[in-house]
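See structure below.
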Amino acid sequence: MSPDAVIPSYWDEACKHLVKRDRVMKKLIPQFGEARLQSHGDAFATLARSIVGQQISVKAAQSVWHRWTALMPKFQPAAVLGLAVDDQRAAGLSARKVEYLRDLAEHFDAGRVHVRQWAQMDDEAIIEELVAIRGIGRWTAEMFLIFHLMRPNVMPLDDVGLLKGISLNYFSGEPVSRAEAREVGDAWAPYRSVAVWYIWRSLDPLPVDY
């Protein structure tokens, strides 16, 4: 586990609840032992990484990220706003991603996202703030709620992996609709995020990092 990682306090409680309530979770959860969701990094970096990584491989995203952040003495919104477009393009970013990252930096720099109030805000209010930023859709906002804010009850119905995992674990591989997936998720409440994490694990044993 990386030294700056934070683990959700509710995890063990959630696992007990899910094992009791759901036959699939009863089988899945014990397979992954001590593995846990971890959050690290700050909100701005997490969202910037999600934009950099859109539609390219993890490996490519990593090298673009290193080249891009190397352009700044300190990685922060004001520094991003000071970067020349050409330098960012040379680091491997598309013109559109340069625009998205600038919009993200502007939102943070101007205080249009209320990072300090997020702890008191409900999930939908945070999603609304995030999707107002160019290049961030509902799926990215939901991933951010799960992986960064570690909200316990997020059900990302646009996630292809989640739908595939529900299909394999609950419907013998038959395709599932969002409505069916939502129904499966109802049994997981109030710990949908934890169940979703285990469904992802069932497809790929390596933990997702975000």
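The values are calculated or read from the model by the stated rules, or taken from the named source; none is laboratory data. Here the structure is a predicted model, which is why all the values come from computation and not from measurement. When we count neighbours, we look across all protein chains shown, and the Cβ atoms used for this are built from the backbone with ideal geometry, even at glycine. Remember, those area values only see protein heavy atoms, side chains included, never the ligands or the DNA or RNA. Shrake-Rupley method; radii C 1.70, N 1.55, O 1.52, S 1.80 Å.
Across segment 153-189, what is the number of residues that are free of Cβ contacts under 8 Å to residues at least 60 places away in the same chain and either β-branched (Val, Ile, Thr) or in a loop (DSSP other than H, G, I, E, B) (or both)?
18
Please go through segment 133-144 and give me each residue that is within 14 Å of Leu162 (Cβ to Cβ) and modelled with pLDDT of 95 or more, ordered by number.
Result: Arg138, Glu142.
Can you spot a residue in segment 61-75 that is under 30 Å from Arg178 (Cβ atoms), surrounded by 13 or more Cβ atoms within 10 Å (Cβ to Cβ) and among the β-branched types (Val, Ile, Thr)?
no
Hey, any hits in segment 93-102 for a residue that's modelled with pLDDT of 95 or more, over 19 Å from Phe144 (Cβ atoms) and of a type in the set (Ser, Thr, Tyr)?
yes
With exposed (fewer than 15 other Cβ atoms within 10 Å of the Cβ) and either among the β-branched types (Val, Ile, Thr) or under 17 Å from the mean Cα position of the chain (by Cα) (or both) as the only criterion, which of Glu124, Glu142 stands out?
Result: Glu124 is the single residue among Glu124, Glu142 that is exposed (fewer than 15 other Cβ atoms within 10 Å of the Cβ) and either among the β-branched types (Val, Ile, Thr) or under 17 Å from the mean Cα position of the chain (by Cα) (or both).
Results for (1) under 29 Å from Ala45 (Cβ atoms); (2) more than 17 Å from the chain's Cα centre (by Cα); (3) open to solvent by 70 Å² or more (accessible area, probe 1.4 Å), shown as yes or no for each residue.
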site	(1), (2), (3)
Asp159	yes, no, no
Leu163	yes, no, no
Leu168	no, yes, yes
Phe171	no, yes, no
Ala179	no, yes, no
Ala187	no, yes, no
Trp197	yes, no, no
Trp200	yes, no, no
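Can you pull out the residues in segment 1-55 that are open to solvent by 40 Å² or more (accessible area, probe 1.4 Å) and among the acidic types (Asp, Glu)?
Asp4, Asp12, Glu13, Glu34, Asp42
Restrict the check to segment 50-69 and report whether at least one residue is touching a residue at least 60 places away in the same chain (Cβ under 8 Å) and out of contact with any Lys or Arg (no Cβ under 8 Å at 6 or more places or on another chain).
Among the residues of segment 50-69, at least one is touching a residue at least 60 places away in the same chain (Cβ under 8 Å) and out of contact with any Lys or Arg (no Cβ under 8 Å at 6 or more places or on another chain), which makes the answer yes.
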